[in-house]
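**Student:** Submitted below is the structure of interest, expressed as structure tokens.
The values are calculated or read from the model by the stated rules, or taken from the named source; none is laboratory data. As the structure is a computational prediction, the values presented were derived from the model and not from experiment. Here the Cβ positions follow ideal geometry from the backbone for every residue, glycine too, while neighbour counts run over all protein chains shown. Surface accessibility is based on the protein's heavy atoms, side chains included, excluding ligands, DNA and RNA. Shrake-Rupley method; radii C 1.70, N 1.55, O 1.52, S 1.80 Å.
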Amino acid sequence: MRNILVAVLLGMSILALAKQVQAQTWSGDSIVNPLTASPGDAAKGRMIVASRQTGLCLLCHSGPFPGERFQGNLAPDIGISVGHLSEAQLRARIVDPSRFNAGTIMPSYYRTEGFNRVAPKLAGQSILSGQEIEDVVAFLVSLKASALQ
């Protein structure tokens, strides 16, 4: 009985780790497949982008957030930069922007390896979960759709 319990707990922890950071299918400059089975929620994505604790996007970017003070000017306006990218390209740039610009200061929100001086308790963890990435992508795609209207 004890061995069965250990096996079940081990299996559950492996599944939990697999859910944390799923493999991405890269195709050129894109990640074609979503990172989760659940579709992204644009409203949650907007909250992540505007959050000063989670996404921190507005430290460098500005965007269509009239209520947010002190938006960044180090990076392109979010509303403009999403205009020429597909959903798959947006996903790739959030997952690992260093694949496109090795000198970028934008963090790799979903990469977990290849970093220097990572605190031991944070090693192997992504900044955002796969679902949070999909939420941000849904928000960015919604900006693109509203600009076309």
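**Student:** Taking the Cα centre of the range 89-149 as origin, work out the dipole magnitude from +1 charges on Lys and Arg Cβ and -1 charges on Asp and Glu Cβ, in debye rounded to 20.
**Tutor:** The calculated dipole for the range 89-149 is roughly 180 debye.
**Student:** Related question: Can you tell me the length gained on complete extension of the stretch Phe70 to Ser86, counting 0.36 nm per residue apart and subtracting the Cα distance?
**Tutor:** 2.9 nm
**Student:** Ranked highest first by average number of other Cβ atoms within 10 Å, how do 67-80, 40-53 line up?
**Tutor:** Descending packing order for the listed peptides: 40-53, 67-80.
**Student:** Could I ask something else about it? Using a 1.4 angstrom probe, figure out how much accessible area the range 39-97 has per residue, in square angstrom, rounded to the nearest whole.
**Tutor:** So the range 39-97 comes to 53 Å² accessible per residue, rounded to a whole number.
**Student:** In addition: State, to one decimal in nm, how far the label point of Ser142 lies from the label point of Ala23, with both points 7 Å from Cα in the Cβ direction.
**Tutor:** 3.3
**Student:** Assuming a ≥ b ≥ c are the square roots of the Cα gyration tensor eigenvalues, decide whether the range 72-149 counts as rounded (a/c under 1.5), prolate (otherwise, with a/b larger than b/c) or oblate.
**Tutor:** prolate
**Student:** Roughly speaking, what is the stretch gain from Arg52 to Glu113, that is 0.36 nm per residue apart minus the C-alpha to C-alpha distance, in nm to one decimal?
**Tutor:** 19.5 nm
**Student:** Taking the Cα centre of the range 15-131 as origin and charging only Cβ (+1 Lys, Arg; -1 Asp, Glu), how large is the dipole, in debye to the nearest 20? Provide the component values of the computation, followed by the final result.
**Tutor:** Numbers: 11 positive and 7 negative charges, 68 e Å.
Magnitude of the dipole: close to 320 debye.
**Student:** Can you list which of the trypsin sites (Lys or Arg not before Pro) found in the range 88-149 are DSSP loop residues with at most 12 other C-beta atoms within 10 Å? Mind showing how you got there, number by number?
**Tutor:** Values: sites: Arg91, Arg93, Arg99, Arg111, Arg117, Lys121, Lys144; in loops: Arg111, Arg117.
Passing both the DSSP loop test and the Cβ count: Arg117.
**Student:** Between Leu122 and Thr36, how many nm apart are label points set 7 Å from Cα along the C-beta direction?
**Tutor:** Result: 2.2 nm between the two label points.
**Student:** In addition: I need the phi-derived Karplus couplings for the range 118-134: 6.51 cos²θ - 1.76 cosθ + 1.60, θ = phi - 60°, integer Hz, Gly and Pro marked x.
**Tutor:** 9, 4, x, 6, 9, 4, x, 10, 8, 5, 10, 7, x, 5, 5, 4, 5
**Student:** Counting only protein heavy atoms and a 1.4 Å probe, tell me what percentage of the range 26-69's accessible area is made up of carbon and sulfur.
**Tutor:** 57
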